[in-house]
Amino acid sequence: MTSDTDWLSLVPHSVRTAPADLLAVVVVAVLTCGAVTLPGVRDTPLRVVLGLPCVLFVPGYAVIAALFPESGPSVAASGDADAADRTGIDGIERVALSFGTSIALVSALGLLLNFTPWGLRLVPIVVAIGLLTVAAAVVGARRRAALPEGERFGVPVRSSLPDDPNPFSSGSRTDAAFAVVLVLCLALAVGVGGYMVAAPGSGESFSEIYVLTGNQGDLAAEDYPTELTAGEPTSLTVAVGNHEGTATDYVVVSQLQRVRVANNTTTVLEREALTRYRPSVEANATWRTEHAVTPTMTGDRLRLTYLLYEGSAPSEPTAENAYQSVHLWVNVTDPDADSS
């Protein structure tokens, strides 16, 4: 007993006295953030197992706990004469509102993040949900602590079924049916969401090509070079993602193009062939290679284009006959003209 007491004394008082349900949602939020960000864990099914409740239930439950710290009026049946006048909600209502509130909150957070420098990405969304959950749980715990002990909402350890001498009365049957339907609907929603995450539809087959900057250990789709010098190499990384469901042979054609844009129409005036790659990419794999772009054509607003073909490329590759394409706008200067 002494050792247990000493161990518990190391835990902060605010944590020891925190409501168990709010402490649980905070733990789930923290674990989800870790499962999304930690390198050894973020590619495992644990991310899905923790992510679904964290998105569908946890933040809504914390916010509802902050808004409604009181227990519901249903406890009036146990003999509490003042319970019928309370503004709290019972457990079933609390669970139902938690799911609806979570979906609304996550949608709103995603919309807000879309207008921030972090963008609509997985890690910022999960961190934002975690911070919101922790803040709402703290507010909910403080609001409960401010109430008399008999009026606080809490998750009972024993069964919460009422001591009704006739458990199959009309009211009890209605409440029980509502609870069963609610649980089944929530289980179905979580199951469908988990299936969609773990096993995406087989009809989604495609290939993609994109350009990255940086070295092989720190690649990013940003800070693309815009000023090039003729005859001097500029390093870019070209990547091809195979989501066709089977191993596929590709041809990647890179060109530097002088174009004219008028009336929403782009016309290629001149092309400079740079290089070609012929990767064979396994299903659900990504091929990357470093491309040292060394142009000889000079001018402003030149289009550095990468064309992707399956199997083989035509004799005259263009953006119109390519399976996929991506391009960058660059200015290429003549070093001799600068020196003169």
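No value in this document is a laboratory result; all are computed from the given coordinates. What you see is a predicted model; the values in this text were computed from it and never measured. Note that we place each Cβ from the backbone using ideal geometry, even for glycine, and neighbour counts take in every protein chain shown.
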#### Entry: Ranked by how many other beta carbons lie within 10 Å on average, peptides 317-328, 130-141 from highest
130-141, 317-328
### Message
Per 0.36 nm of contour for each residue apart, how much would the distance between residue 260 and residue 333 grow if the chain were fully extended, relative to their Cα-Cα spacing?
### Response
24.4 nm
### Query
What's the local net charge at residue 218, with K and R +1, D and E -1, over the other residues with C-beta under 15 Å away?
-2
## Note on the structure
From the Cα centre of segment 261-340 to that of segment 98-117, the distance in Å is 39
### Task
Any chance you could run the full-extension gain for residue 111 through residue 42? It's 0.36 nm times the residue separation minus the Cα-Cα distance, nm to one decimal.
22.5 nm
### Task
Order the peptides 243-250, 282-289, 31-38, 101-108 from the highest to the lowest mean number of other Cβ atoms within 10 Å of their residues.
31-38, 101-108, 243-250, 282-289
